[in-house]
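The values are calculated or read from the model by the stated rules, or taken from the named source; none is laboratory data. These numbers were taken from a predicted model, which means no experiment stands behind them. Because the Cβ atoms are built from the backbone with ideal geometry, glycine has one as well, and the counts that use them run over all protein chains shown.
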Amino acid sequence: MLYQIAVLLTSFLLTYLIVKSSDWHSHLSTDHEHGPQKLHSGSVPRVGGLGIYLSLIIVVTTKFLLENNPDSAFLVFFMSTVPCFVIGIREDITKKVGVKLRLLFTAISAAIGIYFLDGLIYHVDLPYLDDLLKIRGFSYLLTIFAITGISNAYNIIDGLNGLASMVGIVSLLAIYYVAYLFDDHYIIFLAQILIASILGFLLWNYPKGKIFLGDAGAYLIGFCSGFLSLLLVDRHAEISPWFALLINFYPIFETLYSIFRRKLNDNQDPTAPDAEHFHSLVYFWLKNRASTQIGKDQKLALWINNAQASSLLWILPILCAVPAVLFFDNTLILQMFAGLFCLTYILIYKLLIKAKTNSVNTEMVKEASVQNGLI
């Protein structure tokens, strides 16, 4: 427990120092108010991942140096995260790193982790695909693709204070619980210190958003959640591969659905940012609802709407994690819950789009009436 507390306090302190020294590095680290996904005001540091990562490296390295018989596997795990974190922090500072390059470096991280620690996907309990997975090269490529995709998916949902962080915490809690059932001390320790490091950051990020996770933080959390879940399945044959999928299913499905609606419905670039992600729609729905109830001259502060939307969305990863840990060894039930989540997500998304359209139409009518002197 000593190391977990140390990670939490170190992450909290480092994040505090980044926030308080923002005037010194604001020209490099801040996220200004621009773009369709910016749901905040002013300039906010977007290098929160730095505090998380440094706290992990400091504490794990200290653990390695102090113990008589240190386990280098802990260091290897975090060394594998270096490429995805470095490219993420470069994007946070320069804002000039393309998506493809970020995905490439994350794939390199996945390849390093798999090479030294295993964690390969050997089966997914689906016909034909399981036959292909018997080919080690295909298994290797699919695993790298899966980890890279999950890492990017966490970056996509990182649009509200505390959202990606809490999704990561819920996923890691599920990993911790199942690892505990199997007495897997290696994964238990990794899950614990990852949760602690994210919590140290979260205390400054939620609810007021004094600092943002940034690409480095989002990729780091997504990578760790994705890789650890696959590693847990690989180490214990009793655990269904759908456990790893379901605990990360919200960011995964958000990404897949975003690609579908952009490419097939709107013929847009699937990597381009927009304001129609699920979390954005929930935010605008709450904002419009508050405006209707208390009057537009008394709108809630931007951070309150942001925090409310985020906390409401925490339900989604919980809805995935609970059945995942209850039925971690039953593929059929896990598949049913994944399908149920898909249907629920799409239904609510359609309702949110309809609400947004109605709100926009109402505003346009009012604006036209004002211009014509009718009101």
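Do we have Leu163 as over 15 Å from Ser229 (Cα atoms) and in contact with a helix residue (DSSP H, G or I) (Cβ under 8 Å, 6 or more places away or on another chain) here?
So Leu163 fits the description; yes.
Among the candidates Leu334, Leu313, single out the residue that is surrounded by 17 or more Cβ atoms within 10 Å (Cβ to Cβ), at pLDDT 85 or above and more than 22 Å from Ser165 (Cα to Cα).
Values: Leu313 fails: more than 22 Å from Ser165 (Cα to Cα).
Going through Leu334, Leu313 in turn, the sole match is Leu334.
Checking the structure you have, find out if any residue of the range 182-195 is free of Cβ contacts under 8 Å to residues at least 24 places away in the same chain, part of a helix (DSSP H, G or I) and surrounded by fewer than 22 Cβ atoms within 10 Å (Cβ to Cβ).
yes
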